[in-house]
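> Below is a structure I'd like to ask you about.
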């Protein structure tokens with residue numbers, strides 16, 4: 001039954017409807033794959049008994065002709081989403097063995113539509129990180145490995161005929177011809193690294209994720225998967241452990257653009273429990289797959305051409321432009337002048353909101369408690385023991401910028417910059433731009449322990465192409481588009497108008513069809 005894990009979500013849904021196999025068989029295949037892949041550390045909690053029970057219920061509904069849109073589909077759930085009766089820790093020691101008595105709205109929507117929960121996925125602690133190295137459960141390992149070749153390093157990007165579509169071939173570009181695997185384990189990106197790694201390694205058919213400054217799109221690009229960051233408010237934040245409330249947004253990571261569209265349709269929707277939730281109808285995003293993009297105007301922002309940007313990223317961007325142009329889109333150069341301020345402004349706004357949100361973890365109501373001489377000492381000991389280095393760093397930064405004398409100088413100024421970033425996009429869209437095409441990341445995946453040790457800013461720079469989207473509240477999608485010189489995946493990002501995810505799926509499908517699909521060679 002191992003072949004069942006190679007199916008896309010769309011293929012599995014069709015096969016279940018045709019009764020080619022049962023939901024229990026599909027779930028068992030994924031549970032077996034998870035057991036064999038524990039070295040990746042993608043799951044922090046496996047829930048086989050619950051998964052099998054949910055699969056049996058799905059089989060009963062399929063037999064009765066009452067199947068939902070995701071009936072019997074096994075999914076992984078990022079450990080930031082509260083799941084009733086199932087441990088949820090945000091991968092932080094301070095939450096200990098917290099078991100929520102309630103279900104997040106997003107996961108409730110998935111169970112409503114028949115999905116099956118395989119377990120909880122690893123993530124950076126409280127979603128603070130770009131590599132999934134800050135989790136209290138340890139780092140996630142990217143299923144991709146570096147390869148050294150004697151060939152020209154950019155051949156995959158220069159010649160679309162040299163790429164292989166694993167949907168038909170069953171593997172990535174001829175790894176066996178490239179010699180042995182070399183180099184250290186790689187990060188899968190963050191904070192949704194467990195979600196991206198699990199999807200790439202075929203340990204689930206899709207996964208929930210969250211994106212505060214790129215935490216869906218960057219790990220998707222690092223693992224050759226599709227990551228969808230919806231418009232702020234499209235998916236409810238209720239029941240998701242908060243990092244930065246004005247930036248956080250839930251979305252899916254999937255194997256294909258179509259699979260992402262199917263997942264987002266179920267995840268999205270208005271929620272009266274979330275005051276930031278948009279009261280808008282949710283389209284059938286899958287209908288956008290295959291839609292013509294002829295006549296669309298795609299903006300190419302000059303500010304995303306950075307000094308020292310690797311030639312491979314530039315080549316990938318050029319290839320993406322050629323693909324969209326060949327499909328009938330019109331490309332125009334645009335300017336987003338305040339882009340250069342996005343990263344520093346983000347790292348003021350996000351820590352400030354994190355400082356406020358994480359104040360609730362004090363050892364009094366739930367989670368870890370360290371005894372102290374008095375209540376203040378107990379607070380200090382609990383938070384010092386419970387929070388990891390990166391969380392403590394961001395809480396301290398956030399507390400500083402919100403403090404008297406610095407609030408006006410830092411936080412308010414950052415919010416003004418945020419308004420200008422949003423206005424840049426609004427101006428472009430008002431001028432007839434339908435979407436914006438950029439690279440998803442400034443590089444391919446890097447090694448575990450390779451960045452951020454002495455200089456945290458080095459790690460923060462991984463979000464340079466993604467944070468503008470969160471600051472402006474816009475939707476974006478990351479789609480695999482090629483491989484670098486070490487045959488690691490690279491992604492392109494498409495940014496859209498507010499609540500126009502359909503256009504992103506249409507454009508993403510064009511890129512996907514031209515680039516093909518990329519899967520890691522199994523080594524774990």
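The values are calculated or read from the model by the stated rules, or taken from the named source; none is laboratory data. Treat the numbers as computed from the prediction; the structure is a model and nothing was measured. Virtual Cβ from ideal backbone geometry, glycine too; neighbours counted across all protein chains shown.
> Could you please find all residues in the stretch 322-340 being in contact with a strand residue (DSSP E or B) (Cβ under 9 Å, 6 or more places away or on another chain) and either surrounded by 16 or more Cβ atoms within 10 Å (Cβ to Cβ) or not in a helix (DSSP H, G or I) (or both)? Talk me through it step by step, then tell me what you get.
Taking the stretch 322-340 first, the residues in contact with a strand residue (DSSP E or B) (Cβ under 9 Å, 6 or more places away or on another chain) are 323-325, 329-336, 339.
Result: 323, 324, 329, 330, 331, 332, 333, 334, 335, 336, 339.
> Let me ask something else. Going through the stretch 101-126 one residue at a time, which ones are within 18 Å of residue 46 (Cβ to Cβ) and either assigned to a loop (DSSP other than H, G, I, E, B) or without any contact (Cβ under 8 Å) to a residue 24 or more places away in the chain (or both)?
Of everything in the stretch 101-126, those that are within 18 Å of residue 46 (Cβ to Cβ) and either assigned to a loop (DSSP other than H, G, I, E, B) or without any contact (Cβ under 8 Å) to a residue 24 or more places away in the chain (or both) turn out to be 115, 122, 123.
> Please find, within the stretch 131-152, the residue that is surrounded by the most Cβ atoms within 10 Å (Cβ to Cβ) out of those that are in contact with a helix residue (DSSP H, G or I) (Cβ under 6 Å, 6 or more places away or on another chain) and modelled with pLDDT under 95.
Out of the qualifying residues, it is 147.
> Let me ask something else about it. Write out, first by first residue and then by second, each pair whose Cβ atoms fall under 7 Å of each other, whose residues are 6+ apart or on separate chains, and whose first residue, in the stretch 228-244, is on the phi > 0 side of the Ramachandran plot and in contact (Cβ under 8 Å) with a residue 12 or more places away in the chain while the second is surrounded by 24 or more Cβ atoms within 10 Å (Cβ to Cβ) and not in a loop (DSSP other than H, G, I, E, B).
Close Cβ pairs (under 7 Å, with a partner that is surrounded by 24 or more Cβ atoms within 10 Å (Cβ to Cβ) and not in a loop (DSSP other than H, G, I, E, B)) amount to 239/81; 239/105.
> Residue check: is residue 343 touching a residue at least 60 places away in the same chain (Cβ under 8 Å), touching a strand residue (DSSP E or B) at 6+ places or on another chain (Cβ under 8 Å) and not in a loop (DSSP other than H, G, I, E, B)? Break it down stepwise before answering.
On the way: touching a residue at least 60 places away in the same chain (Cβ under 8 Å): yes; touching a strand residue (DSSP E or B) at 6+ places or on another chain (Cβ under 8 Å): no; not in a loop (DSSP other than H, G, I, E, B): yes.
In short, no.
> Let me ask another. So residue 155 ticks every box in (1) surrounded by 24 or more Cβ atoms within 10 Å (Cβ to Cβ); (2) modelled with pLDDT under 95 but one. Which box is left unticked?
(1)
> If a residue has to be crowded, with 19+ Cβ neighbours inside 10 Å, in a loop (DSSP other than H, G, I, E, B) and more than 23 Å from the chain's Cα centre (by Cα) to count, how many in the stretch 56-70 make the cut?
Qualifying residue count, the stretch 56-70: 1.
> If you go through the stretch 304-311 one residue at a time, do you hit one that is out of contact with any strand residue (DSSP E or B) (no Cβ under 6 Å at 6 or more places or on another chain) and modelled with pLDDT of 95 or more? Lay out the reasoning, then the answer.
So in the stretch 304-311, the residues out of contact with any strand residue (DSSP E or B) (no Cβ under 6 Å at 6 or more places or on another chain) come out as 305-311.
Okay, now just the ones that are also modelled with pLDDT of 95 or more, so none.
No, every residue in the stretch 304-311 fails to be out of contact with any strand residue (DSSP E or B) (no Cβ under 6 Å at 6 or more places or on another chain) and modelled with pLDDT of 95 or more.
> In the set 506, 478, which member is in a helix (DSSP H, G or I) and touching a helix residue (DSSP H, G or I) at 6+ places or on another chain (Cβ under 7 Å)?
Of the residues listed, the single one that is in a helix (DSSP H, G or I) and touching a helix residue (DSSP H, G or I) at 6+ places or on another chain (Cβ under 7 Å) is 506.
> State which residue is nearest to residue 143 (Cα to Cα) when the search covers only the stretch 435-455 and only residues that are touching a helix residue (DSSP H, G or I) at 6+ places or on another chain (Cβ under 6 Å) and assigned to a loop (DSSP other than H, G, I, E, B).
Residue satisfying both the conditions and the ranking: 445.
> Being outside any helix (DSSP H, G or I), exposed (fewer than 14 other Cβ atoms within 10 Å of the Cβ) and at pLDDT 95 or above is the filter here; which residues of the stretch 392-434 pass it?
Within the stretch 392-434, 431, 432 meet the criteria.
> Let me ask something else. Does the stretch 259-269 include one or more residues that are assigned to a strand (DSSP E or B) and within 28 Å of residue 446 (Cα to Cα)?
no
> Suppose we keep only residues that are buried (at least 20 other Cβ atoms within 10 Å of the Cβ) and over 30 Å from residue 420 (Cβ atoms) within the stretch 341-366. Which one would you say is modelled with the highest pLDDT?
361
> Suppose we keep only residues that are assigned to a helix (DSSP H, G or I) and in contact with a helix residue (DSSP H, G or I) (Cβ under 6 Å, 6 or more places away or on another chain) within the stretch 373-391. Which one would you say is surrounded by the most Cβ atoms within 10 Å (Cβ to Cβ)? Reasoning before the result, please.
Filtering the stretch 373-391 down to residues assigned to a helix (DSSP H, G or I) leaves 375-386, 389-391.
Checking the rest, the ones that are also in contact with a helix residue (DSSP H, G or I) (Cβ under 6 Å, 6 or more places away or on another chain) come to 386, 391.
Numbers: 386: 24, 391: 28.
For the stretch 373-391, the residue satisfying everything is 391.
> Of the numbered conditions (1) touching a helix residue (DSSP H, G or I) at 6+ places or on another chain (Cβ under 7 Å); (2) more than 17 Å from residue 474 (Cα to Cα); (3) in a helix (DSSP H, G or I), residue 458 satisfies every one except a single condition; which is it?
(1)
> So which residues in the stretch 284-320 are under 18 Å from residue 428 (Cα atoms), touching a residue at least 40 places away in the same chain (Cβ under 8 Å) and part of a helix (DSSP H, G or I)?
304
> Take the conditions modelled with pLDDT of 95 or more, surrounded by 24 or more Cβ atoms within 10 Å (Cβ to Cβ) and in a loop (DSSP other than H, G, I, E, B) and apply them to residue 88. Does it pass? Talk me through it step by step, then tell me what you get.
On the way: modelled with pLDDT of 95 or more: yes; surrounded by 24 or more Cβ atoms within 10 Å (Cβ to Cβ): yes; in a loop (DSSP other than H, G, I, E, B): yes.
When the stated conditions are applied, residue 88 passes them.
> I need the full set of residues from the stretch 23-55 which are surrounded by fewer than 18 Cβ atoms within 10 Å (Cβ to Cβ) and not in a helix (DSSP H, G or I), in order please.
Scanning the stretch 23-55 gives 45, 46.
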